[in-house]
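**Q** This is the structure I have questions about; it appears just below.
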Amino acid sequence: MKFRHFAAALLSAVLLTGCGEPAQDQSDALFAADLFAMDTYMNLKAYGKNAEAAVREAEARITALEHTLSVTDSGSDLYALNHAAGGAVTVSDDTRNILDTAAKIGQESGGALCISLYPVLRAWGFTTGEYHVPADSTLAELLPLCDDSLIVRNGNTVTLPPETEIDLGAVAKGYTGDAVMEIYQQHGVTSGIISLGGNVQALGTKPDGSAWTVGVTDPFAPEQLLGTIAVTEKAVITSGNYERYFTGDDGQRYWHILDPETGKPAGNGLVSVTVIGDCGAECDALSTALFVEGTEEAVAHWRRTGGFEMILVTADGEVLLTDGIASGFQPKRDVQSRVIGHDEAG
Amino acid sequence: MTKQAKIIAAAAAAVFLIAVILSVYILRKTPENRIEIVQDGKLLYTFNLNTAENQSIRIPAADGGYNSVVIEDGTVRVETADCPDQTCVRMGTLKSEHLPLVCLPHKLIVRFAEEGAA
């Protein structure tokens, strides 16, 4: 009898051990969509019964933002600004918000973020893909036009000097992430994650309550991951020298993140900067600013302002993690890493 | 213990063991190895890399170009393409759910499938 009971218990254990997938109830069903916009690949995911409506509206919002923020689209705010020949232009609230963020981070970083470098980017061919190294004399001629303090903002009215041109590439995708999160929330979505060309922004947690896992690209081998980080309700935005670059006739690599002081690719010790924070637009702007500032200045900037976490990868391969994110970082290969604290000694 | 009870117990134990091994295998393998090939929002193919035969798929693009996707020994990669940037080819084999193979000019994505995706 005893063994009969044992056998019955074993059988019921087998029957109770479902090895199929748990039935997903409607409340955390996934809806996902792919989108090619802003010159990149975007993937939007949302969970819950309003997920589809939220993702559909987000797609429409992204398409509209792309139109407003494009440098080349002749109907855009940016096109109007860059072709106003010194006249005042009334811009949308979105453009105004982005200009405000750029001005704030520009100031915080001592001018390391500069959105008026467009004429210099063009001289390098980064605007067309027809790359070449410009002459020093060309850069010297163009740099005086590239000064964000020349942008006069008065509410939604913006004025640029005739030769000055701006582009919002350093902030636009981060701002777009914020806009999508806002739409998700309006639809009552509490769990979702988006990737806008590798820049990730997450709402809440995964439906099961655990943190999201976000990949950080290895700047020395962009086809693989340096590691992953665990985040909840955060933007994770990276600027790296591997994203857009060309190799010159001299065999040197020239990348698209330019130092406003020299008009040349910023080479102040960093090859990639990942910023983790609440506001996508600020994280995006910061990732560019910190990249330009370089290792020491970036650490000083973080200690001075706080409000975000960061992962710096130096040109010699060291990974610096601020103390708020260090425990959530899982390396995917052998890395030499160091945790940065708020104290100078850290 | 009767002989019958012994047989039932042994049979149940065997079934239990098989069930445990199978569920571990399925739960471990499935999420990592089902891939999808998507072009401009349209799902073209799905494969289970654990069982898919080695093959080469030529995927025509809207601009007249192509990407050639190769499945080989449980891996997938874009072997050749006539896009200008060749980013999809340089990505090599698909390694992580966080790093899909993307060809921007041809709007092609090769990635691990998300469970429960709509």
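**Q** Tell me which residues come under 5 Å, amide H to amide H, from A:ALA84 once H is placed; ignore anything under 5 positions away on its chain.
**A** none
**Q** Using amide H atoms built in the peptide plane, which far-off residues or other-chain residues are under 5 Å from A:ASP259 H to H?
**A** A:LYS264, A:ALA266
**Q** Let me ask something else. Shape of the stretch A:86-244 from its Cα gyration tensor (a ≥ b ≥ c, root eigenvalues): rounded if a/c is under 1.5, otherwise prolate when a/b > b/c, or oblate? Write down the numbers at each step before the final one.
**A** Values: a/c = 2.87, a/b = 1.46, b/c = 1.96.
Verdict is oblate for the stretch A:86-244.
**Q** With θ taken as phi - 60° and the coefficients 6.51, -1.76 and 1.60, list the Karplus ³J(HN,Hα) couplings across the stretch A:107-113 in order, rounded to whole Hz; mark glycine and proline as x.
**A** Listing the rounded values in order: 5, 4, 9, x, x, 5, 8 Hz.
**Q** GNM, chain A, Cα, under 10 Å: largest mean-square fluctuation among A:SER27, A:SER76, A:SER272?
**A** Looking only at A:SER27, A:SER76, A:SER272, the largest GNM fluctuation is found for A:SER27.
**Q** So for the stretch A:26-340, Kirkwood radius off the Cα pairs, Stokes-Einstein at 37 °C and 0.692 mPa s: how many µm² s⁻¹?
**A** For these conditions, the coefficient is 164 µm²/s.
**Q** Enter the Cα centre distance for the pair the stretch A:153-176 and the stretch A:182-210, rounded to the nearest angstrom.
**A** About 28 Å separates the Cα centre of the stretch A:153-176 from the one of the stretch A:182-210.
**Q** Return the whole-Å distance between the Cα centroid of the stretch A:326-346 and the Cα centroid of the stretch B:41-112.
**A** The stretch A:326-346 and the stretch B:41-112 have Cα centres spaced 35 Å from each other.
**Q** Related question: Over the stretch B:34-112, what relative contact order in percent results from Cα pairs under 8 Å that are six or more residues apart?
**A** Dividing the mean separation by the residue count of the stretch B:34-112 yields 28 percent.
**Q** Based on the Cβ-Cβ distance from A:ALA140 to A:ALA60, what FRET efficiency comes out when R0 is 35 Å, to the nearest 0.05?
**A** On the way: r = 44 Å, r/R0 = 1.27.
For R0 = 35 Å, the calculated efficiency reads 0.20.
**Q** May I pose another question? Name the most mobile residue of B:VAL15, B:VAL89, B:VAL38, meaning the one with the largest mean-square fluctuation, in a Gaussian network model of chain B with Cα contacts below 10 Å.
**A** Maximum among the listed residues: B:VAL15.
**Q** If you average 1/r over all unlike Cα pairs in the stretch B:34-112 and invert the result, what Kirkwood radius do you get in angstrom?
**A** Numbers: mean 1/r = 0.0814 Å⁻¹.
About 12.3 Å for the stretch B:34-112.
**Q** Each residue of the stretch A:189-195 in turn: what ³J(HN,Hα) in whole Hz from Karplus with 6.51, -1.76, 1.60 and θ = phi - 60°, glycine and Pro shown as x?
**A** Values, residue by residue: 6, 10, 9, x, 8, 10, 10 Hz.
**Q** Taking H placed 1.01 Å from N in the peptide plane, check which residues at least 5 places from A:ASP323 or on another chain put their amide H under 5 Å from its amide H.
**A** A:ILE340
**Q** Give me a comma-separated list of calculated 3J(HN,Hα) values for the stretch A:174-185, in order, Karplus coefficients 6.51, -1.76, 1.60 applied at θ = phi - 60°, integers in Hz, x for any Gly or Pro.
**A** Couplings: x, 5, 4, x, 4, 5, 5, 4, 4, 5, 3, 5 Hz.
**Q** Work out the length of the dipole vector of the stretch A:186-259 about its Cα centre, built from +1 on the beta-carbon of each Lys and Arg and -1 on the beta-carbon of each Asp and Glu, and round it to the nearest 20 debye.
**A** 300
**Q** With the contact rule set at Cα under 8 Å and sequence spacing of 6 or more, what percent relative contact order holds for chain A? Write down the numbers at each step before the final one.
**A** Working: 667 pairs, mean separation 52.3, N = 346.
15 percent.
**Q** Separate question: If you place +1 on the Cβ of every Lys and Arg and -1 on the Cβ of every Asp and Glu, how big does the dipole about the Cα centre of the stretch A:26-340 come out, in debye to the nearest 20?
**A** 640
**Q** Pop the C-beta distance of A:ARG153 and B:ALA13 into the FRET formula with R0 = 60 Å and round what comes out to the nearest 0.05. Please list the in-between numbers first.
**A** Numbers: r = 76 Å, r/R0 = 1.26.
Efficiency, rounded to the nearest 0.05: 0.20.
**Q** When the helix-only estimate is applied to chain A (DSSP H runs of n ≥ 4, each -39,500 (n - 2.57), divided by the residue count), what is the mean residue ellipticity at 222 nm, nearest 500 deg cm²/dmol?
**A** The helix contribution divided over chain A gives -10000 deg cm²/dmol.
**Q** Choose one of B:GLN55, A:GLY188, A:ALA32: the residue whose Cα lies farthest towards the positive end of the charge dipole of the protein assembly as shown (beta-carbon charges +1 Lys, Arg; -1 Asp, Glu; about the Cα centre).
**A** Sorting the options by dipole projection puts first B:GLN55.
**Q** Mean residue ellipticity at 222 nm from the helices of chain B, using -39,500 (n - 2.57) per DSSP H segment of n ≥ 4 over the full residue count, to the nearest 500 deg cm²/dmol?
**A** When only DSSP H runs of four or more count, the value is -10000 deg cm²/dmol.
Just so you know, all these numbers are worked out from the coordinates, no wet-lab data involved. Keep in mind the model is a prediction, meaning the values are calculated, not measured. Glycine gets a Cβ as well: all are built from the backbone with ideal geometry, and neighbour counts include every protein chain shown.
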